[in-house]
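Structure first, commentary second.
The values are calculated or read from the model by the stated rules, or taken from the named source; none is laboratory data. Values in this document were obtained by computation on a predicted structure and should not be read as measured data. Heads up, the Cβs are rebuilt from the backbone with ideal geometry, glycines too, and the neighbour counts pull from every protein chain shown. The area values use the complete protein model at the heavy-atom level, side chains included, leaving out ligands, DNA and RNA. Shrake-Rupley method; radii C 1.70, N 1.55, O 1.52, S 1.80 Å.
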Amino acid sequence: MDALLTDIKSCTLCEPHLSTGVRPVLSAHSQSKIIIIGQAPGRAVHQSDIPWDDPSGDNLRQWLGIDKTIFYDPEQIALVPMGFCYPGTGKSGDLPPRKECAPLWHQSLWEQMSKVKLTLLIGQYAQKYYLGKGIYSTLTETVKNYQEYLPKYFVLPHPSPRNNIWRAKNPWFDQQVLPVLKEKIHEIV
């Protein structure tokens, strides 16, 4: 695993497409029990080199019901984005994750992690990649039907504060989904 992580951290494949340069950000261990697959590092994470080191990470840890000690223990939780580097800013937020990373690196990572009990698919990019035609026409419907993907996957919206409007429109998420998520996490870690 150490050699693989070194290779990923040294990857420069997307450098010509990244205005802020390459800086692959992830955390994983051969003993990881949970994999969290997010979108791509944001600007703050690109600068700190710590996955989910931003308000989205604060929200995610609250959703999971765990603190930073557990969250950042790679023997408990692997933090693996769809795109390992910050993709830059577009007109309405960060650009989509680069498409090269997941096909190039994910399978090699999964082969090194034999103890995984649950994979969280956060946002539409991870859900489309891993669920393919098994997703619903909207992220809302996919998340509403999260139980269909268990026990392997747990689907979630992105925990960005920008999605607070979505949460306000979908109170069932906090009332029905988050308690089940916390229960599953606490069964594992």
Site I70, offset 7 angstrom along Cα→Cβ, radius 16 Å on amide nitrogen, limited to segment 8-44, gives 32-36
Given unit charges at Cβ for Lys, Arg (+) and Asp, Glu (-), the dipole magnitude of the chain about its Cα centre in debye, nearest 20, is 520
In nm, the gap between the two label points placed 7 Å beyond Cα toward Cβ at I165 and Q31 is 4.5
So, relative contact order of the chain in percent, Cα under 8 Å, 6 or more apart, is 26
Rounded to whole Å², per residue accessible area for the chain with a 1.4 Å probe reads 50
Taking protein heavy atoms only, a 1.4 Å probe, and rounding to whole percent, the accessible area of the chain owed to carbon and sulfur comes out at 50
Listed by chain and number, the residues whose amide H is under 5 Å from that of L120, excluding neighbours fewer than 5 places away on the same chain and using placed H, are I35, I36, I37, F154
At R0 = 30 Å the Cβ-Cβ FRET efficiency linking S92 and D174, nearest 0.05, sits at 0.75
So, with points 7 Å from each Cα along the Cβ direction, the Y129-R23 label distance in nm works out to 2.0
Note to self: C-alpha centroids of segment 60-84 and segment 117-142 sit apart, in Å, by 18
Cα-based Debye curve of segment 13-112 sampled at q = 0.11 Å⁻¹ gives log₁₀ I(q)/I(0) of -0.32
The simple spin-label model distance between Q107 and L4, using points 7 Å out along Cα→Cβ, in nm, is 1.3
Given all pairs of distinct Cα atoms, the chain yields a Kirkwood Rh in Å of 16.7
By accessible area (1.4 Å), largest first, V22, V143 order as V22, V143
A chain fully extended from K99 to Q47 at 0.36 nm per residue, minus the present Cα-Cα distance, gains in nm 16.6 nm
As a percent rounded to 5, the proportion of antiparallel DSSP bridges among beta bridges in the chain is 20
